[in-house]
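Undergrad: Can you read through this structure? Questions will come right after.
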Amino acid sequence: MANILLVDDDSTVAAGNASALEAGGHSVAVVSTAAEAAEVVRREAPDLVVLEGMLDGAYAGFDLARSLAWDFPTLPLIMLTRADEHLTARERSSQDRDGWLPVQRYLEKPVSTDVLVYEVDHLLPGAH
């Protein structure tokens, strides 16, 4: 069992993902803002973070991912997002730079709960 932080401002998606992760044996904390997520990571040291890129009415999830990767370089990060629907062609091409988005998995929504649980289970320390 791992402690998972789920960061998503869509309460329906968050609830479904939390239920699936809990059914998989994980403990899940859910927050809806980048500020809440940063606080929980510092206070509770989760084993893995699943986050939305589009937070706080903009791209705060991307900034959060970079901040967490810098401060907690061994913390696995999974991003679930529809951000590519909102990025310009130029912004999408800039994503290819090394380090631009330091997450271990980038999954476009909608993501089935089976896929999410699989990805979480395989990214956890000691999974392989």
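Undergrad: Gap in Å between the Cα centre of segment 1-28 and the Cα centre of segment 34-51?
TA: The distance from the Cα centre of segment 34-51 to that of segment 1-28 comes to 13 Å.
Undergrad: Could you put Met1, Met79 in order, starting from the residue whose Cβ has the fewest other Cβ atoms within 10 Å?
TA: On the way: Met1 10, Met79 24.
So the residues, fewest neighbours to most, are Met1, Met79.
Undergrad: Can you give the FRET efficiency for Ser67 and Ser27, using 1/(1 + (r/R0)^6), R0 = 25 Å, r = Cβ-Cβ distance, to the nearest 0.05?
TA: On the way: r = 23 Å, r/R0 = 0.93.
Computed FRET efficiency for Ser67 and Ser27 comes out at 0.60.
Coordinate-derived values only; no laboratory data. Because the structure is predicted, anything quoted here is derived from the model rather than measured. So basically every Cβ, Gly included, is an ideal-geometry build from the backbone, and we count neighbours across all protein chains shown.
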